[in-house]
Structures are given as C-alpha cells and as structure tokens.
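Engineer: A single structure is presented below for examination.
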Amino acid sequence: MEAESTASILPERLLHYCPAHQVLICTACHYAVQPTAIPRHLKDIHHIHSNKRRPFVTYAKSLKLRKPEEVRPPSAGEFPVPYLPLEQGWRCEAPGCNYLCASIKRMEAHWSAQHGRKGCLNRDWSAAPLQSFFRGNKLRYFTSTDSSTKLDGNMASMSRKRDHIRRIRKKHNLNKLDAEALGYYFSASYKSFVTNDQTERIWLDVVPDLAYNHLFLLQGILACTLLHMGYLNPTKRQIYTLHACAHQDSALPQFRHAIHHPDEKNCDAILSFAYLLIIYSFATDTQNTINSLLIVEDTYANSDETELILPQWLHFIRAGCSMLCDVWDRIENGPASALASAWDELGANKFEDKREDLPYLDYFKSLVPGDGSWSDESIEIYHSAANTLTESFALHGRAKRKSHVNPWNILGVWPVRLEVAFISLISERHPGALILLAYYCIILKDMENCWYFEGRPAKLLQSIADVLDAGWHPYIQDPIEIVMGLKT
C-alpha cells in the first residue's frame, strides 16, 4: 500500500490537538509528538512523502505547541486524556513524594534509593492509573488528582478490559494480529461506536461478554477494529483490510444462520453485530466498488427480485425489527436495550408540523420535465420520495438544533423511510432519483466525523455525477458546493 494514501486522512484526524495542554497526539501511535519532531514522525513512522507532509506540517505550525518540559500534567477533571493509553501503575505514598512508575520492581528500587528501605504495597505505595504524553527519554507519568472513588473507577475499568482480553484470547486462541486488534478495540475503537453513556457501557462491557460466547460477533468486532487500524495506519491498510475481510467473510454465514434462528441466547449478539455490519459496510464501500450509490446493491441492479437491490446494512435496518419480532421484547429488556432503543428510533420520526418550512420542496417539484419523458408511475414515486426528503431536512435541522445528531438518526431520517420502488429508480439510474440522492449527501455530510464515513458524501456525489446524464449536472451543483465546503 503506497504511503500517499495517508493524504486521504485529514491532518486533525491523525494529529489530535489538545488545547488544554497544547500538544499534538498521534491518534495512530497514541502519544504526543514533540513540536520539532513532527516532520520526522510523519516521514519515519507513517512514511508520508514530503509533498504529502505539507498539509500536516502547515496544520501543526498553525497551533500553539509546548515543548515536553513545558507541558503541565492534567487537572483532576481532565484525566484521563483522550487518545493516550491508560496503564496500571503505582504511586509512592511517602509524604511529599510524587513518584510514579509502571512496575513494582521500579517502585521497590525507588524506595530503596530514595526512602532507605524496600517499601510495602498498600502501605508505602498504591495502585494508580497512569498516562504519559511523550515516549522515550521524555516519558513523564501523570495520574489523576481526583478522589479515590474516581481512581477506583478507572482501575476497575482497566481491570475489566484486561479480563475481557484475557478470557477472549484464551477461549478463541487469537493470533498475534487479532490479539493486537482486540487490545486496540478496548483502547480506542469501541469509542467510535458510542453515541451516549448507555451505549458506551454496552460497547465496553456487554458486547465483549457477548463476543466471548458468539464467534460471529467477535469476528465482527475484529473486522471493524482492523479497518479502523488501517484507517489510521495507511501503510498497513492492505494487510489490515485483508484480515478484516477474512473475519467478515467467516462471520456472515454464522450471522445469517443466527438471524434465521433467533432466541434469547443469541438475540443481543445479533443486534450488536448488525451495528457492526453497518460500520463495516461503510468502511469498505468505496474500496471494492465503482460508482457505488450507497443505498442500492449494484450486484443486483438488474434482478427481478426487488428486495435484492438493497445492500445488507439497509435491508437489516429496514427489516431488522420484524426479523427479530419474536425476541424483540427480550432485547428491549436485556443488556443491549440501549441499542434496541436507538434501533426503534430509526425511521420513527414523523414530520407533523405542517407549518414548518420544507427545504427544497418547490425546487424538487420544478424538476419534473413536462415532455412526458418520465412515466406517470415514476413521477408519483419521485414526488413521494421528494416529500420525504424535504421532511427529512426539517427533522435533521431540528435534531441539529437540539444536538441530537448521530449516525443512526441520519440513516433513519430518509433511507429507512423510502419505498422500495424509489430505490429501484436509483438502481435504474433515474435522473430524478439520482438528484434526490445527491441532495441527501448534504445530510450525510454530518456523518463525516465518523472515521468510517469520512469523505463518503463527496465520493457518493462523484458516483452520482458519473452515472447522471450531463444535462442534469447543473441540478446537483448546490449539494456539490455544500458538501465541498464552497457554500453553507
């Protein structure tokens, strides 16, 4: 895989700026990079060629950065610092001594050298969660200065993560790469699936417990995590993607069998995997497909069986509740109930305020040609989808004002509510259907903060332009300019 692929990652994604401490943390390496070492880090660690490093270097120069010796440790409310690994370590309890280290052996050596005796665990030193901004000779540990309750919570969380990793590795005999991916899931990837406090608990504790007993879910976790690792490490993206595909190919037959035989034992695992299926589908959508139109499956574009034109992720979020109807009550009252609640919200929002302005409605109506080139049936289908899309703009705007936007209500606001007949029009490359899909990219743009969807609206617009007759191109100029940031 060529290093140039790193250019597809925004500088602020690879190098996270922490304004409270004025450092840049490499999200792939999980440590802060010294200001003077940024070009070398990009070259030696990420193998980014000189002409591709310029946006990253320019971004770094635009920020106020401190030297390692100038960086202050975080206050109680700032710990733990995002993107830095949390380690189990030890804190010296001698009065006035703030020594921290990651091993008992070092703590014993510290006590012998500084306090004149070997020291004793729990009396002379205690467990503490540790982080460090920098590595190597600039490594300086810090910990929370908050109450013991919060410290205990951090330590308990670390202990649970280690226990999940140990149990899963032992039962499923993970190889080195899969073990690395599992560790990365707990340190970073699971956070990218979280939408609120309830779902954080599910992805951190409930899903790993389910994955211990359901191999297809474990493989779904590993597949998505490997893709996340490849996103952040472009030079290794090819190998990570190959392993991710292997896991997904192995998981899907097991998932299909489970979904045709749902019961109280596997229903939570089925629902959890369905979320991962959506993430996996988006993360791989542009890697192996040409002119992908997101909500149609090109493989089945000419099939007589209309349900086959739906990609797997869309088919499941549209039909998942009915497929799991026999166990849905159990899911809603089980450990994954927060995921079920989010699922219920997909497509559930109804537009009721007829007094509210409907963006683009008159414009969409004006696009219907008067020369009879569109059939009466297609016009009726188009009008229905156009009305739904304008309502979706209003609903999405309402959600943004309330800060309730997340990937699931973005997906639910239009694709879940569409008639299959309209999706068939997209598959047939009907110009009106393609134009509406182009305008939906404006809503999709708000999903770009998700690593698995970054750049996807622009690529979808390009795919639409490639298959849309050139005479219709002026009618998608507005979404192109908005998605590309040329207008608001």
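The values are calculated or read from the model by the stated rules, or taken from the named source; none is laboratory data. Quick caveat, the model's predicted, so the values are computed rather than measured. When we count neighbours, we look across all protein chains shown, and the Cβ atoms used for this are built from the backbone with ideal geometry, even at glycine.
Engineer: Please determine, by comparing only the residues of region 373-415 that are under 20 Å from VAL296 (Cα atoms) and within 20 Å of the chain's Cα centre (by Cα), which one is modelled with the highest pLDDT.
Structural biologist: Applying the filter and picking the extreme gives PRO415.
Every residue, every condition in (1) of a type in the set (Val, Ile, Thr); (2) under 25 Å from VAL194 (Cβ atoms), yes or no:
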residue: ASP371; (1), (2): no, no
residue: ALA385; (1), (2): no, no
residue: LYS400; (1), (2): no, yes
residue: GLU419; (1), (2): no, no
residue: ILE443; (1), (2): yes, yes
residue: ASP469; (1), (2): no, no
residue: GLY485; (1), (2): no, no
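Engineer: I would also like to ask the following. From HIS41, HIS21, grab the single residue that is in contact with a Lys or Arg (Cβ under 8 Å, 6 or more places away or on another chain), within 25 Å of GLN131 (Cβ to Cβ) and either part of a strand (DSSP E or B) or not small (Gly, Ala, Ser) (or both).
Structural biologist: HIS21
Engineer: Can you pull out every residue in region 19-31 that is out of contact with any His (no Cβ under 8 Å at 6 or more places or on another chain) and either among the hydroxyl-bearing types (Ser, Thr, Tyr) or buried (at least 20 other Cβ atoms within 10 Å of the Cβ) (or both)?
Structural biologist: Within region 19-31, VAL23, TYR31 qualify.
Engineer: Okay, moving on. Please specify each residue of region 102-125 satisfying the condition of being assigned to a strand (DSSP E or B) and either among the aliphatic types (A, V, I, L, M) or out of contact with any strand residue (DSSP E or B) (no Cβ under 6 Å at 6 or more places or on another chain) (or both).
Structural biologist: Of everything in region 102-125, just one residue is assigned to a strand (DSSP E or B) and either among the aliphatic types (A, V, I, L, M) or out of contact with any strand residue (DSSP E or B) (no Cβ under 6 Å at 6 or more places or on another chain) (or both), namely LEU121.
Engineer: Step by step: first the residues of region 392-424, then only those that are outside any helix (DSSP H, G or I) and of a type in the set (S, T, N, Q), then the one that is surrounded by the most Cβ atoms within 10 Å (Cβ to Cβ). Which residue is that?
Structural biologist: Out of the qualifying residues, it is ASN406.
Engineer: On to the next question. Looking at region 27-40, I want the residues that are aromatic (Phe, Trp, Tyr) and have a partner that is surrounded by fewer than 16 Cβ atoms within 10 Å (Cβ to Cβ) and at pLDDT below 95 with Cβ atoms under 8 Å, at least 6 apart or on another chain. Which pairs are those?
Structural biologist: TYR31/ARG135
Engineer: Looking for whichever is within 38 Å of the chain's Cα centre (by Cα), at pLDDT 90 or above and either of a type outside the set (Gly, Ala, Ser) or part of a strand (DSSP E or B) (or both) here; the options are ARG160, ARG169. Which one fits?
Structural biologist: Details: ARG160 fails: at pLDDT 90 or above.
Only one candidate passes the filter, namely ARG169.
Engineer: Another question about this same structure. Output the number of the condition that TYR83 fails; it satisfies all remaining conditions of (1) aromatic (Phe, Trp, Tyr); (2) touching a Gly at 6+ places or on another chain (Cβ under 6 Å); (3) part of a loop (DSSP other than H, G, I, E, B).
Structural biologist: Of (1) aromatic (Phe, Trp, Tyr); (2) touching a Gly at 6+ places or on another chain (Cβ under 6 Å); (3) part of a loop (DSSP other than H, G, I, E, B), only one is false for TYR83: (2).
Engineer: Only one residue in ASP205, ASP268 is at pLDDT 95 or above, part of a helix (DSSP H, G or I) and of a type in the set (D, E, K, R), so which one is that?
Structural biologist: When all the criteria are applied, what remains is ASP268.
Engineer: When TRP343 is evaluated against the numbered criteria (1) part of a loop (DSSP other than H, G, I, E, B); (2) at pLDDT below 75; (3) more than 25 Å from LYS459 (Cα to Cα); (4) among the hydrophobic types (A, V, I, L, M, F, W, C), which criterion, by number, is the only one it fails?
Structural biologist: If we test TRP343 against (1) part of a loop (DSSP other than H, G, I, E, B); (2) at pLDDT below 75; (3) more than 25 Å from LYS459 (Cα to Cα); (4) among the hydrophobic types (A, V, I, L, M, F, W, C), just (1) comes out false.
Engineer: Looking at the structure I just gave you, is LEU252 in a helix (DSSP H, G or I) and surrounded by fewer than 24 Cβ atoms within 10 Å (Cβ to Cβ)?
Structural biologist: Yes; evaluated as a whole, the condition is true for this residue.
Engineer: Please name all residue pairs, on different chains or six or more residues apart, with Cβ atoms under 9 Å, provided the first residue is in region 88-110 and is touching a residue at least 24 places away in the same chain (Cβ under 8 Å) and the second residue is loosely packed, with under 15 Cβ neighbours inside 10 Å and assigned to a helix (DSSP H, G or I).
Structural biologist: That search, which allows pairs on different chains as well, returns GLN88/SER159; GLN88/ARG162; TRP90/ILE104; TRP90/ARG106; CYS92/GLN114; ALA94/GLN114; CYS101/ALA109.
Engineer: Given the conditions (1) out of contact with any helix residue (DSSP H, G or I) (no Cβ under 6 Å at 6 or more places or on another chain); (2) closer than 28 Å to GLU448 by Cβ; (3) modelled with pLDDT of 80 or more, which single one is not true for ASP285?
Structural biologist: Unmet for ASP285, out of (1) out of contact with any helix residue (DSSP H, G or I) (no Cβ under 6 Å at 6 or more places or on another chain); (2) closer than 28 Å to GLU448 by Cβ; (3) modelled with pLDDT of 80 or more: (3).
Engineer: Considering only region 6-18, state which residues are surrounded by 16 or more Cβ atoms within 10 Å (Cβ to Cβ), more than 28 Å from PHE79 (Cβ to Cβ) and either free of Cβ contacts under 8 Å to residues at least 24 places away in the same chain or not aliphatic (A, V, I, L, M) (or both).
Structural biologist: Of everything in region 6-18, just one residue is surrounded by 16 or more Cβ atoms within 10 Å (Cβ to Cβ), more than 28 Å from PHE79 (Cβ to Cβ) and either free of Cβ contacts under 8 Å to residues at least 24 places away in the same chain or not aliphatic (A, V, I, L, M) (or both), namely THR6.
Engineer: With at pLDDT 95 or above, in a helix (DSSP H, G or I) and surrounded by fewer than 23 Cβ atoms within 10 Å (Cβ to Cβ) as the only criterion, which of LEU227, LEU217, LEU242 stands out?
Structural biologist: It is LEU242.
Engineer: Right, here's the next one. Please enumerate the residues belonging to region 24-38 that are over 13 Å from ALA60 (Cβ atoms) and outside any strand (DSSP E or B).
Structural biologist: Passing the criteria: THR27, ALA28, CYS29, HIS30.
Engineer: Something else now. Count, please, the residues in region 457-488 that happen to be over 25 Å from the mean Cα position of the chain (by Cα), of a type in the set (A, V, I, L, M, F, W, C) and either more than 18 Å from LEU293 (Cβ to Cβ) or at pLDDT below 90 (or both).
Structural biologist: The total comes to 1.
Engineer: Select from region 94-105 the residues that are within 16 Å of PHE142 (Cβ to Cβ) and not hydrophobic (A, V, I, L, M, F, W, C) and list them in ascending order.
Structural biologist: Just the residues of region 94-105 that are within 16 Å of PHE142 (Cβ to Cβ), to begin with: 97-102.
Residues satisfying the conditions are ASN98, TYR99.
Engineer: Answer with yes or no whether LEU232 is at pLDDT 90 or above and not aromatic (Phe, Trp, Tyr).
Structural biologist: Taking the combined requirement at face value, the residue does not satisfy it.
Engineer: Restricting attention to region 446-456, does a residue exist that is at pLDDT 95 or above and either buried (at least 19 other Cβ atoms within 10 Å of the Cβ) or in contact with a Phe, Trp or Tyr (Cβ under 9 Å, 6 or more places away or on another chain) (or both)? Can you show your working first?
Structural biologist: Of all residues in region 446-456, those at pLDDT 95 or above come to none.
No, region 446-456 contains no residue that is at pLDDT 95 or above and either buried (at least 19 other Cβ atoms within 10 Å of the Cβ) or in contact with a Phe, Trp or Tyr (Cβ under 9 Å, 6 or more places away or on another chain) (or both).
Engineer: Checking the condition within 15 Å of TRP408 (Cβ to Cβ), surrounded by 21 or more Cβ atoms within 10 Å (Cβ to Cβ), under 17 Å from the mean Cα position of the chain (by Cα) and modelled with pLDDT of 85 or more, which residue from TYR275, TYR280 passes?
Structural biologist: Matching residue, one of TYR275, TYR280: TYR275.
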